[in-house]
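This report concerns only the one structure given below.
FYI, it's all coordinate maths here, none of it is from the lab. Values in this document were obtained by computation on a predicted structure and should not be read as measured data. Note that each Cβ is placed from the backbone with ideal geometry, even for glycine, and that neighbours are counted across all protein chains shown.
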Amino acid sequence: MNTLQMTVMIAAATAATMLTRFTPFILFGKKTPQYIEYLGKILPGAALGMLVVYCFKSVDVTTGFHGIPELIALVVTVGAHLLKRNMLLSIAAGTVVYMLLVNFV
């Protein structure tokens, strides 16, 4: 990749980032519409729900560990979320526990 191509790529990435950051303020001004605030409250939980469905769709309870590592990781994730109310911490804790169970138990 030569210097011109790198410059164009960096400029395109910068323009795309600025466009996605500035567009809501240009469209809505200072006051955020009620439905956008509603989506901001609802979508994180919906995304987590889809993640749970995706993670458990291929668990086979008739073979191997019968889904026990997945169930333990789910309990850790829910427990961490109930204790700390931090979605990133909850997901990270469940992921770490699951990886430890699958690799070392």
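If I take every Cα pair under 8 Å that is 6 or more residues apart in segment 4-105, average their sequence separation and divide by the length, what percent do I get for the relative contact order? Before the final figure, lay out the partial values.
On the way: 35 pairs, mean separation 16.2, N = 102.
Relative contact order of segment 4-105: 16 percent.
For PHE28 and LEU4, FRET efficiency with R0 = 35 Å and r from the beta-carbon atoms, rounded to 0.05?
0.40
Label segment 1-56 by shape, choosing from rounded, prolate and oblate, from the square roots a ≥ b ≥ c of the eigenvalues of the Cα gyration tensor; if a/c is under 1.5 it is rounded, and otherwise prolate applies when a/b is larger than b/c, oblate when it is not.
oblate
Return the single residue from THR14, THR23, THR63 with maximal mean-square fluctuation; model: Gaussian network over the chain, springs between Cα atoms under 10 Å.
In the Gaussian network model the winner is THR14.
Mind checking which of ILE91, ALA80, THR20 is farthest towards the positive end of the chain's charge dipole, using Cβ charges of +1 (Lys, Arg) and -1 (Asp, Glu) about the Cα centre?
Checking the options against the dipole of the chain, the answer is THR20.
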